[in-house]
1. How far apart, in nm, are the 7 Å Cα→Cβ label points at residue 159 and residue 206?
2. Out of 237, 83, 148, any idea which swings most in a Gaussian network model of the chain, alpha carbons joined below 10 Å?
3. Looking at the chain, how many pairs of lysines come closer than 19 Å at the Cα, when each pair is eight or more places apart or spans two chains?
4. Can you compute 3J(HN,Hα) from phi for each residue in region 19-35, using the Karplus curve 6.51 cos²θ - 1.76 cosθ + 1.60 with θ = phi - 60°, rounded to whole Hz and x for Gly and Pro?
5. Given the options 174, 212, 109, which has the most mean-square fluctuation in a GNM of the chain, springs set between C-alpha atoms less than 10 angstrom apart?
6. Ranked highest first by the average count of other Cβ atoms within 10 Å around their residues, in what order do 17-29, 178-190, 113-125 fall?
Amino acid sequence: MARNAENLYVVKAPKTLYEMTSAEVGAALENTKTVLIPVGATEDHGAHLPLGTDMFEAREICRRAGAALDAVGCPVVIGPTIPFGVSTFHMGFPGTITLTSNTLILVLKEVMMSLYQHGFRNMCLIHGHDGNLPQMMVAAQDVVNETPDATVVVMNWMVELAKAYAAGLGKSRKGESHGGEGETARIIATHPELVDIAKARTFYLQPHELRKIQSPEHMKSGGGLFYPTRSYKALTPVGSIGDPSLATEETGEQGYDVIVNWLVGIIKRDFFDEAT
Ligand SMILES: [Zn+2]
């Protein structure tokens with residue numbers, strides 16, 4: 001399926017803040033003080049996936065979580081998708097756009113403070129790019145420091161998803177990572193017209209390299225170690241890691257289910273069941 005100017009995009013709902021009117025947000029605020037904020041990125045994901053992959057994923061996760069929360073009587077607003085993140089280590093690939101750490105912290109903080117001013121009190125920062133996690137945590141702390149009553153939670157679903165893959169989700173038993181089987185499957189599930197699987201290239205890292213990018217030891221997957229990345233171009237000349245051709249819509253849907261179930265459980269517990 002080729003990328004071309006004739007592709008049409010359909011928003012299947014629910015609306016995010018960008019698709020809502022101001023009056024709709026005002027009305028929503030009468031039923032909820034909780035907002036989900038997708039934090040994306042604009043960066044290379046190999047020859048087969050679009051630059052907006054992380055932005056699409058973050059938005060999709062929040063839309064699905066929002067719909068699932070609504071279905072169990074926990075209304076939320078799906079906030080503005082932040083399109084840019086800290087993608088310094090992908091700058092070797094054309095089209096990547098990066099913010100510096102300080103800029104992302106400020107963007108997140110000022111977005112949250114704007115939402116706070118309108119009445120939101122519970123902010124869930126949900127990434128589509130784990131490279132943003134350190135800045136998300138700093139911004140979350142800053143907002144709590146500067147308000148008397150905001151609650152912010154940074155939600156790293158990668159830990160739950162990594163457990164599901166370790167337990168047998170997907171086909172690959174090798175080192176899938178950025179733009180590999182899992183991520184490709186999730187984009188196939190939502191944006192099949194933007195996945196050019198014929199261009200996908202299989203590329204695996206050496207074990208000592210993979211350990212620092214994606215492994216149970218890594219903080220993003222629930223471990224205790226964090227290794228900043230210098231250059232993806234130096235690590236993977238094709239921009240992706242793993243075998244994207246193994247990806248299917250079905251495993252993409254299963255991956256989203258794992259992510260959304262976890263998010264819904266935490267958000268329901270923290271902001272509805274235990275709300276005072
Ligand atoms: Zn990604």
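1. The answer from the label model is 3.2 nm.
2. Looking only at 237, 83, 148, the biggest GNM fluctuation is shown by 148.
3. Summing the qualifying lysine pairs gives 12.
4. 8, 8, 8, 4, 4, 5, 5, x, 5, 4, 5, 6, 10, 7, 10, 10, 10
5. Per the Cα network of the chain with a 10 Å cutoff, 174 tops the list.
6. Going from most to least packed, we get 178-190, 113-125, 17-29.
Every read-out reported here was derived from the displayed coordinates using simple, explicitly stated rules and does not represent laboratory data. Remember, predicted model here, so these are calculated numbers, not experimental data. Using ideal geometry, Cβ is built from the backbone for each residue, glycine included, and neighbour counts are taken over all protein chains shown.
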